[in-house]
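One structure is given below, encoded as structure tokens.
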Amino acid sequence: MRTVDRIRVRAPVERVFAAAADVERWPEILPHYRWVRMLERRPEGSLVEMAAWRPFGGVNYPTWWVSEMWIDSSAPAVHYRHVRGITTGMDVVWRIEARRDDTEVTIVHDWAGPCWPLIGTLAASWVIGPIFIHGIASRTLAGIAKHVETAVRR
């Protein structure tokens with residue numbers, strides 16, 4: 001399963017990268033995030049617990065996962081490897097690239113799916129990826145864009 005979410009942001013790469021990497025602030029700026037907790041800080045990266053809502057009309061479905069997170073300032077990119085939760089084994093990368101007058105942010109989620117006999121791959125490809133992962137990632141990108149664009153206009 002692979003999902004790709006992309007947005008153009010009218011703000012400098014540095015500002016976008018800072019907001020993408022500062023995950024502990026996400027619940028303040030992204031209303032669908034329930035919490036983000038740094039479980040461990042390591043020189044090579046961190047262990048981070050995240051929880052978000054996936055809205056379905058008037059009903060919010062709770063999601064939760066734990067990831068190893070590392071930042072590549074030279075790229076710039078933010079990487080995750082999900083290590084707990086239904087999406088264990090998922091690799092995620094945020095790529096942040098300068099374009100003419102703005103910044104393009106791409107989030108790629110790659111995953112073989114849950115270890116459920118017979119239906120794991122189907123569940124990942126038909127439900128978890130397009131409905132849950134895309135649903136949360138697209139809201140996250142839109143929220144980060146709104147946050148940094150508002151800060152740039154001030």
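Structure above, values below:
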{"quantity": "Test: residue in the range 116-129 that is within 25 Å of Val36 (Cα to Cα), of a type in the set (Val, Ile, Thr) and not in a helix (DSSP H, G or I)", "calculated": "no"}
{"quantity": "The range 60-83, residues that are among the small types (Gly, Ala, Ser) and surrounded by fewer than 16 Cβ atoms within 10 Å (Cβ to Cβ)", "calculated": "Ser73, Ser74, Ala75"}
{"quantity": "Top-ranked residue of the range 84-122 - restricted to ones that are β-branched (Val, Ile, Thr) and exposed (fewer than 15 other Cβ atoms within 10 Å of the Cβ), ranked as nearest to Val4 (Cα to Cα)", "calculated": "Thr121"}
{"quantity": "Residue within the range 135-142 that is among the hydroxyl-bearing types (Ser, Thr, Tyr), crowded, with 17+ Cβ neighbours inside 10 Å, under 15 Å from the mean Cα position of the chain (by Cα) and in a helix (DSSP H, G or I) present", "calculated": "yes"}
{"quantity": "Criterion: touching a residue at least 12 places away in the same chain (Cβ under 8 Å) and not in a strand (DSSP E or B) - qualifying residue of Pro31, Pro27", "calculated": "Pro31"}
{"quantity": "Test: residue in the range 41-64 that is within 16 Å of Arg84 (Cα to Cα), out of contact with any strand residue (DSSP E or B) (no Cβ under 6 Å at 6 or more places or on another chain) and assigned to a strand (DSSP E or B)", "calculated": "yes"}
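Every number here is computed from the coordinates shown, using simple stated rules; none is lab data. Note that the structure is a prediction, hence the values are computed from the model and not measured. Every residue, glycine as well, gets a Cβ built from its backbone with ideal geometry; the counts of neighbours run over all protein chains shown.
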